[in-house]
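Enquirer: Dumping the structure here so I can ask a few things about it.
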Amino acid sequence: MRIGLILYGSLGILSGGYLYDRYLVAHLQALGAQVQVFALPWRHYAAHLGDNVRRAWRETLRRAQVNLWLQDELNHPSLFALNRALARWHPRVPRVAIVHHLRVQEQHPPPLRGLYRVVERAYLRTLTAALYNSRTTQDAVTALRGAPLPGMVAYPGKDHVPAPRLAPAWLQQRAHEGGPLRVLAVGNLIPRKGLHHLLDAVRRLPPGLVQVDIVGREDAAPRYARRLRRRAAAWGLAVRFHGRLDADALARRYRQAQVFALPSQHEGYGIVFAEALGFGLPVLAGRGGAVGEIVTSGREGVLVAPDDVHALAAALRAWATDRDLLARQAVAARRRYEQLPTWEASMTRAARWLLMLPKTGPQG
């Protein structure tokens, strides 16, 4: 089986979506598939639209010898029209998208949002099937496309950062440790992650009640990252920025924290929330997107409107002042983690489904 994977950048990019793609490719290869990556550089949106008529790119895809086209949905601007040509050139080759989240679910100015909606809808209508990272993402595709797109849901795994065995008694003891509530946020420092709302919430709490550690790349949106640092300093907040950490250092941060907070505007799934549950951390998150498929508000954490600063502050205050509540939700968080799939289970299932497509066609 020869698979052509189309994506921007490279598989080595550090984000949840690319992590998903890497695991999927590894499991396809383990099952005997040959995966050839067809990569385009990250550029501005207009340049990506131009890829549909760029002669060299079209010729590269036309000449490709593949049994399956696998496309990261982020590439839709470069393929929304070109996929129709692929259907003519390779009429028996399925075109399958890996859908992490839709561009139209992000915050954009109204004129651009309208353009993105038209282009993304056109792309979704050129596909044979899709691999979804959550049921929320699948529902979003159905709504935008105007009809269901056959496919399957394969959740990201929970164990990229392996969680240690943590007894309920240890989690309860950690919850009752004195001092400020130790809050951890993990994610690239970009506006969609809502860290500016988190800082604003901490600002509204009494000094010394909460301490925040922020882990994540700062080069994805440097101006935004600098603004976060300036705000934290100007407001005198107990906030520490750690940049990107390796797996061992990140695991230590998870283990030392008492709460995980990331009020994203939207998450197609949110791998970091699953990782946090593994360390017994109650989750404070925005309720947009698929976080509700991982966390039940009031049991393993609290889900709020991502820009509701008062609700964010209230949740942090409740955990900081009621350590019994914190302990109960910590134990519940770890219990929920045990129910989530591993990368091995989820990606093996996804890879087997993909390898059957050229033989059986998409399954609803």
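The values are calculated or read from the model by the stated rules, or taken from the named source; none is laboratory data. Since the structure is predicted, the reported quantities are computational estimates derived from the model, not experimental observations. Methodologically, a virtual Cβ is constructed for each residue, glycine included, from the backbone with ideal geometry; neighbour enumeration extends over all protein chains shown.
Enquirer: Taking region 267-282, which residues are assigned to a loop (DSSP other than H, G, I, E, B) and touching a Gly at 6+ places or on another chain (Cβ under 9 Å)? Full working, then the answer.
Expert: Narrowing region 267-282 to residues assigned to a loop (DSSP other than H, G, I, E, B): 268-270, 279-282.
Hits for region 267-282 are GLY268, TYR269, GLY270, LEU281, PRO282.
Enquirer: Pull out all pairs, ordered by first then second residue, where Cβ-Cβ is under 6 Å, the residues are six or more apart or on different chains, the first lies in region 86-104 and is small (Gly, Ala, Ser), and the second is buried (at least 19 other Cβ atoms within 10 Å of the Cβ) and part of a helix (DSSP H, G or I).
Expert: ALA97/GLU73
Enquirer: Between residues in region 1-29 that are in the same structural domain as ARG58 (by TED's automatic domain parsing) and within 21 Å of ALA220 (Cβ to Cβ) and residues that are charged (D, E, K, R) and assigned to a helix (DSSP H, G or I), which pairs lie under 7 Å by C-beta distance while being six or more apart or on different chains?
Expert: Sorted first by the residue in region 1-29, then by its partner, the pairs are LEU7/ASP21; LEU11/ASP21; LEU11/ARG22.
Enquirer: Among the candidates ASN83, ASN52, single out the residue that is under 21 Å from ALA130 (Cβ atoms), touching a residue at least 40 places away in the same chain (Cβ under 8 Å) and not small (Gly, Ala, Ser).
Expert: Details: ASN52 fails: touching a residue at least 40 places away in the same chain (Cβ under 8 Å).
Only one candidate passes the filter, namely ASN83.
Enquirer: For residues that are outside any helix (DSSP H, G or I) and under 30 Å from ALA318 (Cβ atoms), scanning just region 122-159, find the one that is farthest from the chain's Cα centre (by Cα).
Expert: Within region 122-159, the subset outside any helix (DSSP H, G or I) is 125-134, 146-159.
With under 30 Å from ALA318 (Cβ atoms) added as a condition, the list becomes 134, 155-156, 158-159.
On the way: SER134: 10, TYR155: 11, PRO156: 9, LYS158: 12, ASP159: 14 Å.
Restricting to residues being outside any helix (DSSP H, G or I) and under 30 Å from ALA318 (Cβ atoms), the top hit is ASP159.
Enquirer: Looking only at region 162-196, which residues are part of a helix (DSSP H, G or I), within 23 Å of the chain's Cα centre (by Cα) and surrounded by fewer than 22 Cβ atoms within 10 Å (Cβ to Cβ)?
Expert: Step one: list which residues in region 162-196 are part of a helix (DSSP H, G or I), which gives 168-175, 191-193, 195-196.
Applying the additional criterion that residues be within 23 Å of the chain's Cα centre (by Cα) yields 191-193, 195-196.
Those that are part of a helix (DSSP H, G or I), within 23 Å of the chain's Cα centre (by Cα) and surrounded by fewer than 22 Cβ atoms within 10 Å (Cβ to Cβ): PRO191, ARG192, HIS196.
Enquirer: Starting from region 273-285, keep only residues that are outside the structural domain of LEU250 (by TED's automatic domain parsing), then list their pairs with residues that are assigned to a helix (DSSP H, G or I) whose Cβ atoms are within a distance under 6 Å, requiring at least 6 positions of separation or different chains.
Expert: none
Enquirer: Looking at ALA318, is it crowded, with 17+ Cβ neighbours inside 10 Å, part of a helix (DSSP H, G or I) and either modelled with pLDDT of 95 or more or among the acidic types (Asp, Glu) (or both)? Outline the logic, then answer.
Expert: On the way: crowded, with 17+ Cβ neighbours inside 10 Å: no; part of a helix (DSSP H, G or I): yes; either modelled with pLDDT of 95 or more or among the acidic types (Asp, Glu) (or both): yes.
Answer is no for this residue.
Enquirer: Looking at this structure, is GLN138 outside the structural domain of VAL104 (by TED's automatic domain parsing) and of a type outside the set (Asp, Glu)?
Expert: On the way: outside the structural domain of VAL104 (by TED's automatic domain parsing): no; of a type outside the set (Asp, Glu): yes.
Taking the combined requirement at face value, the residue does not satisfy it.
Enquirer: Any residue at all in region 225-242 that's touching a Phe, Trp or Tyr at 6+ places or on another chain (Cβ under 9 Å) and in a loop (DSSP other than H, G, I, E, B)?
Expert: Applying the first criterion (touching a Phe, Trp or Tyr at 6+ places or on another chain (Cβ under 9 Å)) to region 225-242 yields 225, 228-229, 232.
Narrowing further to those that are in a loop (DSSP other than H, G, I, E, B): none.
No; the residues of region 225-242 include none that is touching a Phe, Trp or Tyr at 6+ places or on another chain (Cβ under 9 Å) and in a loop (DSSP other than H, G, I, E, B).
Enquirer: If you check every pair at least six apart or on different chains, which have Cβ atoms under 9 Å apart with a residue in region 123-134 that is over 18 Å from LEU357 (Cα atoms) and assigned by TED's automatic domain parsing to the domain that holds LEU355 first and a residue that is part of a strand (DSSP E or B) and of a type in the set (Asp, Glu) second?
Expert: SER134/GLU267
Enquirer: Give me the pairs, please: first residue somewhere in region 138-163 and more than 17 Å from ILE271 (Cβ to Cβ) and in contact (Cβ under 8 Å) with a residue 24 or more places away in the chain, second residue anywhere and basic (Lys, Arg) and buried (at least 17 other Cβ atoms within 10 Å of the Cβ), beta-carbon distance under 6 Å, and either six or more positions apart or on two chains.
Expert: LEU144/ARG121
Enquirer: For ILE214, all conditions in the list (1) surrounded by 20 or more Cβ atoms within 10 Å (Cβ to Cβ); (2) within 14 Å of the chain's Cα centre (by Cα) hold save one; what is the number of the exception?
Expert: (2)
Enquirer: Right, another one. So ASP324 clears everything in (1) out of contact with any Gly (no Cβ under 7 Å at 6 or more places or on another chain); (2) within 20 Å of ASN133 (Cβ to Cβ); (3) not hydrophobic (A, V, I, L, M, F, W, C) except one condition, right? Which one?
Expert: (2)
Enquirer: Sticking with this structure for a sec: List the number of the failed condition for ALA220; all other conditions in (1) modelled with pLDDT of 95 or more; (2) part of a loop (DSSP other than H, G, I, E, B); (3) of a type in the set (Gly, Ala, Ser); (4) touching a Leu at 6+ places or on another chain (Cβ under 8 Å) hold.
Expert: Here ALA220 clears every test but (1).
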